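The values are calculated or read from the model by the stated rules, or taken from the named source; none is laboratory data. Values in this document were obtained by computation on a predicted structure and should not be read as measured data. Ideal geometry is used to build each Cβ from the backbone, glycine not excepted, and the neighbour counts take in all protein chains shown.
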Amino acid sequence: MSELASPMIGGRRKLTQAEKFYAASQWQLIRWKFFRHKLAMVGMVILVILYLGAIFAPFISPYANLYKSEVVYSPPQGFNIIRDGKLVAPYVYGSKMEVDPDTYIRTYKPDPSKIYKLLFFTHGWEYNLFGFIPTDLHLFSVEKGGHLFLLGSDDLGHDLFSRVLQASQISLSIGLVGVFLSFVLGCILGGLSGYYGGTLDTIIQRVIEFLISLPTLPVWMALSAAVPQEWDQIRVYIIITVILSLQGWCGLARVVRGKLLELREEDYVVAAQVAGTSDWNIITQHLLPGFASYLIVSITLSIPGMILGETALSFIGLGLRPPTVSWGVLLQQAQNVRTITINPWLLTPALIVIITVLAFNFVGDGLRDAADPYVI
Amino acid sequence: MTNPEPLIEVQGLKTFFKVREGLVRAVNGVSFSIKSGQTLGVVGESGCGKSITAQSIMRLVEPAGKIVEGKITYYRMDSHNNRTSAEVVDITSLNPRGPEIRHIRGGEIAMVFQDPMTSFSPVHTIGDQISEALMLHQNMNKKEALERAAETLHKVGMPKPYRVLTSFPHQLSGGMRQRSMIAMALSCNPSLLIADEPTTALDVTTEAQILELMKKLQGSLGMAIMYITHNLGVVAEMADEIIVMYLGKIVEHASVVDLFENPKHPYTRALLRSIPRVDKDIDERLESITGMVPDPYSVPHGCPFHPRCPSLIPGICDVIEPDGVRVDDSQVYCHLYNPEPAAVRQPL
Amino acid sequence: MSDQPNEDNLILDIKDLRKHFPIRAGIFSAVKGKVKAVDGVNLYLRKGEVLGLVGESGCGKTTTGRMVMRVIEPTTGTIRFKDRERGWVDLASLDRREMLPYRKNIQMIFQDPYASLDPRMTILRIISEPLTSNNLARGKELEERVASIMEVVGLRPEYMSRYPHAFSGGQRQRIGIARALVSGPQLVVADEPVSALDVSIQAQILNLLQDLQKKFDLTYLFVAHDLSVVRHISDRVAVMYVGKLVESASKKELFHAPRHPYTEALLSAVPRPDPHHKSTRIILPGEVADPANPPPGCYFHPRCRFAIDICKQEEPILEEICPEHFVACHRAKELSLQGV
């Protein structure tokens, strides 16, 4: 009888689970499906870390953006917690400059004779947390006289770790802002095109085809080259975002239009019409929720394009310019092959860009798989 | 009619699928045989396992599914002399991607599907696709194969076979496509044709054309047909013998006359009474089967039909799985016909 | 049913209804021709009657049904409907806004129980849509009305907060029926309501539709391709072929003594669940005519075994050859055709 009894219990447990499933809305189903997607979860965690890093960038970074130390081209340093076989508070060694007698290349080696303690929650340079809370609190710094360059330093003695963090504020936000612009444009124009059809549809579609047929990089370059040199950072930032989303909205508008046309023919939309539902309610209650999930997917998948675009423009010197830092700006220093071979850590921003783009793509893939929970 | 040799024998076939919700016993212990030249109708509602049975015979079950038990034996007839010298092929032991099964599939056992679009490639002409099968199975060269393809298309009643040869599938109407698919299936003279709802997507007048065609071709080519459908009218017309399936199991296996005149299993009876008839007025209401088909991953214990059965014997039907019982000439899987099942097979 | 159709006993009167879809081609979408999906259909429905509208795919039966619902705009023609509150009105002449008050009295049941329910809405919201959209009920009253209609169609009211994915095909079709009936309609257009369902579920839904008809005194325009189902549920039957009505009569007459060769062929083609039935099937040669490019004369003549010269030249008109038996065939009076 035990064989008969156990499935009964299993059956009962299943029932309550089923109950939950039956009363689950679209978004719950999407969440469940998304959370089962392992790669997407990995991407999600990475993105959360990256964006947290961007938000708390000044707090986490020990050095200000423009802080220059005398230690140039220092390789990435670590810190130690063991001294003479005993566990001690974290400390770093000092650096010792050595000059290669043949090549005259200066290199920094750790100097075990000098020891500096790592200090936590210290007061350092001043900044505004979240842009409006003035403070000078930092996660960590090194005792006076010492340095800690987690990712090394560059030709002017900037701390790469601090700069990558602070650059991520620009690089990670430009994707979001750009996508937001594309989203607004894409939804409005795609919506008009799909819902009203006719001549308006034809015009919008031709415009989209024209814009998409323009070669991306030359257009970006031409437009950003036209940005006046004397503009301040904020204005350059905005105009670069606009340039980047110039073509971005086209894809989105097509998704919106296509989905609208598709959903308009769905039986349940006809049913709503038959029920006497007004056009506005049909759009907001049936059509929009019907493709909201697809919009999110296509937005997620277009963010990395924006990030790459900004990086590329800044890299070739047409985007943001120093002293503003973005990942692209940081990579300008890595343009020289000789510099890279000697100081490969200058490529770290590129690595971060790759990780970010991959993470967005993983999340986008996961979302795409989860977007339509009714297709199994 | 003498008792011809079985052409294909299915014994205790179990094909299970692993899905997220659990194990789906799509085909759960099915045994039957098809004799050469005979038409076996397989009837059941969606999810009863009728299509998976056919796919198991063809070894076309998708990767999530597996034949976990049972044996499918194919008796390959030597067609040169009329003496029955059959070569025995164990289909279940073949590699589903191996050369032997590919030789059988499409050559000796052919299949026709509900949607012809899925079995034709959209980028090749009908002629290319039919002749390819011929070149593969019959060792013909391209010219002979095309010649034979045109011949077969003519045989299935295509008015302009040479024009169809150069057409792409989307250029043909539903009925024409179904004819082309039948032509492709028949081009290699199969000894068994498995037809999986071949007319379900067609209009009645087109369906009539196709049914008539299949009967005519069976008469002239002498192949066996396994006809899978949910339409009781179609099996009444096409089949010699019928098996009725419910939730992966056969519930009744009988000759077509027995099944329609003297249905024995409560499910068969209910099914027959629940369909509206074009040739009869049914007063007032139809007799409907209560409830619905359960989820495939939570099949009830005992007889799978017991929760919906009007003749349920409590304590037996919901506990013990019924064995096949011979009643008259039918094989029925129901406790009503087996007086003392409980005493014999009391569970632990 | 013997009384003549008149203003008092009718609820729907369709005259010369047409729908022509333009065929567009080229960059500038120039009109290259038109598909006459529905081409001059005349139909009437008595109060409390079930009219079965049959035909093969592409014959225009669904388009006709959807034009009555005004989800497809008629090209020409009148659709007169006798509204409970407002009396006779030509639905075809109303614009979208003017149509709204009539919607609650004309409802529709769809073929596909999966596509016709918005997967993002709870059952409560789906069923109550005809009420909320027309401000007919709200709050507690709304829920009560939904609960009571759910019970009537055989669903447990506590399932109200579930989403459609929790239900099987048969149950979903019950939800669709509940939505159609919640506003208390007079006329229901049922577009192939059982053809997507399993055999054992079909009977349940057909019985339900019949029970509801009696209970709420409904009139059905029952669009279907399955003649067995139509025979079971209809009082009168109309047969369409390539956008035109070829025959309409009482169920009994149409099935026992059809007068149009197409009807005869259609009836003979239905496979019967009777192994002793000797097939006297009429196999129609060729294919259904292309509605974009129909043959001259009677559209059916290339496939008709009785076709004579006049059939190739002159289009037959729909004539009443005996009371309430309309046929569009030049030879309707002389032929003796076989029914079932």
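With B:T205, B:T199 as the choices, which residue is modelled with pLDDT under 90 and not in a helix (DSSP H, G or I)?
Every option except B:T199 fails the conditions.
Considering only residues of region C:245-268 that are under 21 Å from the mean Cα position of the chain (by Cα) and of a type in the set (G, A, S), which is nearest to the other protein chains (Cβ to nearest Cβ)?
Among those residues, the one meeting the criterion is C:A265.
Residue under question is A:G131, and the condition is that it be surrounded by 10 or more Cβ atoms within 10 Å (Cβ to Cβ), modelled with pLDDT under 75 and not in a strand (DSSP E or B); does it hold?
Spelling it out, it is not the case that A:G131 is surrounded by 10 or more Cβ atoms within 10 Å (Cβ to Cβ), modelled with pLDDT under 75 and not in a strand (DSSP E or B).
B:V88 - would you say it is within 14 Å of chain C (Cβ to nearest Cβ) and among the β-branched types (V, I, T)?
no
Conditions (1) within 16 Å of B:L247 (Cα to Cα); (2) in a strand (DSSP E or B); (3) at pLDDT 90 or above, marked per residue:
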residue	(1), (2), (3)
B:V10	no, yes, yes
B:E45	yes, no, no
B:E62	no, no, no
B:N82	no, no, no
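Across region C:230-244, what is the total count of residues that are away from every other protein chain (no Cβ under 13 Å) and of a type outside the set (A, V, I, L, M)?
The qualifying residues number 3.
Across region B:284-298, which residue is nearest to B:F17 (Cα to Cα) among those that are surrounded by fewer than 19 Cβ atoms within 10 Å (Cβ to Cβ) and more than 10 Å from chain C (Cβ to nearest Cβ)?
Within region B:284-298, the match that is nearest to B:F17 (Cα to Cα) is B:Y297.
Let me spell it out: the conditions are (1) more than 14 Å from chain C (Cβ to nearest Cβ); (2) part of a helix (DSSP H, G or I); (3) more than 23 Å from B:G37 (Cβ to Cβ), and B:M184 meets all of them except one. Which number is the exception?
Exception for B:M184: condition (3).
Identify, please: which residue in region A:269-287 is among the hydroxyl-bearing types (S, T, Y) and either outside any helix (DSSP H, G or I) or facing chain C (nearest Cβ under 10 Å) (or both) and is, among those, surrounded by the fewest Cβ atoms within 10 Å (Cβ to Cβ)?
The qualifying residue surrounded by the fewest Cβ atoms within 10 Å (Cβ to Cβ) is A:S278.
Could you check region A:244-268 and list, in sequence order, the residues that are at the interface with another protein chain (Cβ under 8 Å from one of its Cβ atoms) and part of a helix (DSSP H, G or I)?
A:D267, A:Y268
When you go through (1) in contact (Cβ under 8 Å) with a residue 60 or more places away in the chain; (2) surrounded by 19 or more Cβ atoms within 10 Å (Cβ to Cβ); (3) among the charged types (D, E, K, R) one by one for B:D115, which number turns out not to apply?
(2)
So that you can scan it fast, the table gives a plain yes or no per residue for (1) under 20 Å from C:G65 (Cα atoms); (2) in contact (Cβ under 8 Å) with a residue 40 or more places away in the chain:
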| position | (1), (2) |
| --- | --- |
| C:N105 | yes, yes |
| C:R138 | no, no |
| C:E143 | no, no |
| C:Y163 | no, yes |
| C:S183 | yes, yes |
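Report whether or not B:H301 is closer than 18 Å to B:E45 by Cα, away from chain C (no Cβ under 14 Å) and either touching a residue at least 24 places away in the same chain (Cβ under 8 Å) or not β-branched (V, I, T) (or both).
no
On the given criteria, is C:I177 over 27 Å from C:E320 (Cβ atoms), without any contact (Cβ under 8 Å) to a residue 24 or more places away in the chain and not acidic (D, E)?
no
Among the strands (runs of 3 or more DSSP E) lying completely within region C:10-81, list those that include at least 3 residues that are within 14 Å of chain B (Cβ to nearest Cβ) and in contact (Cβ under 8 Å) with a residue 12 or more places away in the chain.
Once the strands (runs of 3 or more DSSP E) in region C:10-81 are filtered for at least 3 residues that are within 14 Å of chain B (Cβ to nearest Cβ) and in contact (Cβ under 8 Å) with a residue 12 or more places away in the chain, what remains is C:50-54.
Which condition number does C:R272 fail, the rest of (1) within 10 Å of another protein chain (Cβ to nearest Cβ); (2) out of contact with any Asp or Glu (no Cβ under 6 Å at 6 or more places or on another chain) being met?
(2)
Across region C:123-157, what is the total count of residues that are over 17 Å from C:R174 (Cα atoms) and surrounded by fewer than 15 Cβ atoms within 10 Å (Cβ to Cβ)?
6
Just for region C:186-229: of the residues that are facing another protein chain (nearest Cβ under 9 Å) and among the small types (G, A, S), which one is farthest from C:E56 (Cα to Cα)?
C:S200
Can you pull out the residues in region A:142-180 that are among the acidic types (D, E) and in contact with a Leu (Cβ under 7 Å, 6 or more places away or on another chain)?
Selection gives A:E143, A:D154.
For A:T348, all conditions in the list (1) polar (S, T, N, Q); (2) touching a Ser or Thr at 6+ places or on another chain (Cβ under 8 Å); (3) in contact (Cβ under 8 Å) with a residue 24 or more places away in the chain hold save one; what is the number of the exception?
(2)
Return the residue satisfying two criteria in turn: it lies in region B:236-283 and is within 8 Å of another protein chain (Cβ to nearest Cβ) and of a type in the set (D, E, K, R), and of such residues it is surrounded by the fewest Cβ atoms within 10 Å (Cβ to Cβ).
B:D281
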